[in-house]
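Reading through the structure tokens given below for one structure.
Derivation of every value follows stated rules applied to the coordinates shown; laboratory data play no part. What you see is a predicted model; the values in this text were computed from it and never measured. In this analysis, Cβ positions are derived from the backbone assuming ideal geometry, glycine residues included, and neighbour counts consider all displayed protein chains.
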Amino acid sequence: MTTALTVTREDLASTVAGLLGTGHRMALVAAHEETDAFRVVYVLLGADRVELTVTMPRDDAWLPSLAAICYPAGRFEREIRDLYGIRPLDHPLPHRLVRHAHWPTGWYPMLKDAGPMPAGDGSASYPFLEVEGDGVYEIPVGPIHAGLIEPGHFRFSVVGETILRMKARLWFMHRGVEKLAEGKAVGEVVGLTERISGDTAIGHSVAYAMAVEEALGIEVSEDARMVRALLLECERLYNHVSDLGAMVNDVAFGIIHSHTSRLREQLLRHNEALTGHRLLRGAVEIGGARLTRAADTALVERVVAEARELAELALAHTVVANRLRDTAVLRREQVEHMDALGYVARASGVPVDARADHPFVDLGPDFHIITETDGDVRARFLVRYYELGVSADVIAHLTRRLGGRLGDVAPPARGTGAGFGVVEAWRGTLCHRVEVKDGIVTRLKAVDPSWFTWPALPQALTDTIVPDFPLANKSFNLSYAGNDL
Amino acid sequence: MTAVVLIIVQVLVALAVTPLLLGVMRQVRSRLESRVGAGVLQPYRDVAKLLRKQPLRAQGSSPILVYAPLVLLVSSLMIVALVPLITTSSLVTIPSDLFVVVSLLLVGTVAMAVLGLDGGTAFGGMGSSRHMMIAALVEPTVLMSVYALSVPVGSSTLSTIVAARGLDPARVVTPAGLLAVVALVIVVLAETGRLPVDNPSTHLELTMVHEAMILESAGRDLAWLEVGSWLRLTALLGLVVNLALPWGVAADASPLMLVLGVVALVVKLLAAGAIVAAAEVFMAKLRLFRVPELLAGSFVLAFLAVTASYLAG
């Protein structure tokens, strides 16, 4: 059920406060450029979906900041300021977010007349809070790291080995994904959304396809929805298996990692058999989804059983168990304040899961939400460990119900409208909102769960020691690319 | 004069076998983790490659970046010369005294710590501070455990201790001897940056100890640092195996004894390395603040060994 409301800037804060009070969370904020106006859409998700639209003239482009009542809204506002030039009024932290230092001031790339980036002098500062005191020193790490990981700069203020404060500076990989989507036919953009974050190809493409289908009024058959749910679980499986091994590898128990890598490879080959692509690209289309063959549930069950055994071996190892326990604790209040998502939230006892909150197909009797309460690295490890079992059960259930059918795709439709899609990708709740005009995308806004969860990582580092940071970071395993479109 | 020849042979053998030791350890670990591995000869290729490369030095760094690797290398070569590896004969002027060897170890340790600080990067300083913390806990245990072994012999000269243990196998399996050897094994693993104290194969800068200090070194400098650190492993591991299995160590300079000494050393060393590597497969890295607990434990063992050696003696 969707409620669409138009509100004035003056009423925005009170309306949002009311909705937050009735169990909604800010899921997405997207700005739109009109001829002489800006239109900003706030999507709040709860038991129902509420879309608030605020319109303002271009020459008076400001928004009242909601940062005081809703932490993620404050970040969306900074993103909109950087990309559209709409000022958030009274924002508590008004410095740049998405804009890297080499972007010239006053150039807003999402505007239609933005043009290519003018030369900047790269002098724009990024203020790091300097922690002062006896024996406090700073450790700058990245953005180039020793391993094959994405770019991010971490600035630690440290006393001895204890982290006092960590500031993550991301935003090194803005590719203009949302701008690239504009002006393309809805079908063409599926491939783009698959590449927003390589490990979340299905999450992004399904959310996008659902948004387009809502915009154009396309009915998707139950078979196709089951195939999509199955693909989401396949994506979750290979990422969770690889995360379990990678976390244990960070405490130098490499043999587990060798074996999870082997299992991950089997899952990737299974993905290839299902869809023709190891990362599941190409299976989802507007109007449905298709497999090239039915899932091999025996293989999935065997791999999951092996992965769970490996995880049990790791947890039974006293040193590994000691390293995971009580490391980087994220408390429930912090999760609720920041609206962190996915396994990070569930490991801190917050049962947020779009598969239960916003289901699009029945996942069978074995689906249930896994939560842990400790909020430490071990809890995030355990949530993934248990979710492997749930995913395998869901895959078995869906495969049985599909009974050899491989999904289908509804006939294409051309039309105009706006739509919203939300799925539980493997990292957490992921949503897309699109506006379509005559079958052409005029605006795409994608929100990866990493967008919400990144700010929780520094919060979890209180009382954590520097050599435990890589482990803590791995237990969050957030996407840099999904965060920075 | 024969002692000089023997020691030159010992140093050459150690230099030749050290990369092989590392290669064997890495290969054993790779195979046990069902990886292919780079082959046992890879460390030779690595050193050859590094020696051909021009060392890049950070702007504003001092000559320490040039000299510290050489200090480490020379101190390691001296340790290798003094520790009884293939022969128990030693120089009269510089005895293979326990205190001399431990001091030389410290010279190398300090050289590396200073090197870590010199680049001016956060990682180097972090590595140096961790390294010194571990070194401060390791040195007393090395002294205590070898001291426990020296009590029955009445000498703190390592070669004399090894020779005496070789002549009287009953000494090897005394409570004091066993405790001391176990304590030594733990501190040798800590001192040479092996698991569970340090992970030599990590790429995570924030967790590094030894690797963090040498991050800023390249080319020739790095080659000297690698060889210097590896030689310490050879010397310390060699010392432990010769204390635990004091047979096959050449007592004189006859060619037959010498060949036997070389063969025995290589076999014992590689076997010990393979065992360490195999054990590492089952180990994870301790939380940094747990390392002192482990090293305190090894100190207690060494202390018990000293007590036992007095009681038994």
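Derived scalar couplings between HN and Hα for the range A:213-222 equal 4, 5, 5, 9, x, 8, 7, 9, 5, 5 Hz in order, rounded to whole Hz, by the Karplus curve 6.51 cos²θ - 1.76 cosθ + 1.60 (θ = phi - 60°), x for Gly and Pro. The C-alpha atoms of chain B define a longest principal axis, and helix B:64-82 lies at about 20 degrees to it.
Note on the range A:264-320: percent of Cα-Cα distances in each 10 Å bin, starting at 0 and stopping at the bin with the largest distance, equals 21, 36, 24, 13, 4, 0.
Residue-wise HN-Hα couplings along the range A:314-328, as the Karplus relation 6.51 cos²θ - 1.76 cosθ + 1.60 with θ = phi - 60° gives them from phi, are 5, 5, 7, 7, 4, 5, 4, 4, 5, 5, 7, 6, 6, 8, 6 Hz; Gly and Pro carry x.
Going from the fewest other Cβ atoms within 10 Å to the most, the residues A:Arg49, A:Arg384 appear in the order A:Arg49, A:Arg384. Between the Cα long axis of helix B:291-312 and the first principal axis of chain B there is an angle of about 10°, rounded to the nearest 10. Among A:Ser475, A:Ser261, B:Ser62, a tally of other beta-carbon atoms within 10 Å of each Cβ gives an order, fewest to most, of B:Ser62, A:Ser261, A:Ser475. Pairs over the 18 Å Cα-Cα cut-off, from the set B:Lys49/B:Lys268; A:Lys167/A:Lys445; A:Lys179/A:Lys445; A:Lys445/A:Lys474: B:Lys49/B:Lys268; A:Lys167/A:Lys445; A:Lys445/A:Lys474.
Using the Karplus relation 6.51 cos²θ - 1.76 cosθ + 1.60 with θ = phi - 60°, the per-residue 3J(HN,Hα) values for the range A:230-246 come to 5, 5, 4, 5, 4, 5, 4, 4, 5, 6, 5, 4, 5, 5, 4, x, 5 Hz, with x marking Gly and Pro.
Roughly how many debye, to the nearest 20, is the charge dipole of the range B:2-312 about its Cα centre, given +1 on each Lys and Arg Cβ, -1 on each Asp and Glu Cβ, and no other charges? Please report the intermediate quantities before stating the final value.
On the way: 19 positive and 16 negative charges, 126 e Å.
For the range B:2-312, the charge dipole is close to 600 debye.
Here's how it looks for A:Thr429: its modeled amide H is under 5 Å from those of A:Gly342, A:Ala354, which are all 5 or more places away or on a different chain. All other residues whose Cβ lies under 13 angstrom from that of B:Gly120 are scored, Lys and Arg at +1 and Asp and Glu at -1, for a net of -2.
With a 10 Å Cβ neighbour count serving as the proxy for reagent exposure, in which order, fewest first, do B:Met126, B:Met213 appear? Don't jump to the answer; show the numbers that get you there.
Details: B:Met126 25, B:Met213 30.
In increasing order of surrounding Cβ atoms, one gets B:Met126, B:Met213.
Size check on the range A:1-158: the Cα extents along the three principal axes, sorted descending, read 52, 39, 33 Å. Between the amide H of A:Glu285 and those of A:Arg290, distances stay under 5 Å, these residues lying 5 or more places away or on another chain, with hydrogens modeled in the peptide plane. Between helix B:42-52 and chain B there is an angle of about 60 degrees, using the helix long axis and the longest principal axis of the Cα atoms.
Figure legend: label point modelled 7 angstrom from the Cα of A:Leu129 along Cα→Cβ; residues of the range A:62-100 with amide N under 14 Å from it are A:92-95.
Taking 7 Å steps out from each Cα toward its Cβ at B:Lys49 and B:Asp252 produces label points 4.8 nm apart.
Rounded to the nearest 20 Debye, what is the dipole magnitude of chain A about its Cα centre when Lys and Arg each give +1 and Asp and Glu each give -1 at the C-beta? Walk me through the intermediate numbers first.
On the way: 51 positive and 64 negative charges, 147 e Å.
For chain A, the charge dipole is close to 700 debye.
Just add up the charged neighbours of A:Gly74: K/R +1, D/E -1, any other residue whose Cβ is under 15 Å from the Cβ of A:Gly74. Before the final figure, lay out the partial values.
On the way: positive: A:Arg25, A:Arg75, A:Arg78, A:Arg81, A:Arg87, A:Arg96; negative: A:Glu77, A:Glu79, A:Asp82, A:Asp90, A:Asp339.
Once all neighbours under 15 Å are counted, the net charge is +1.
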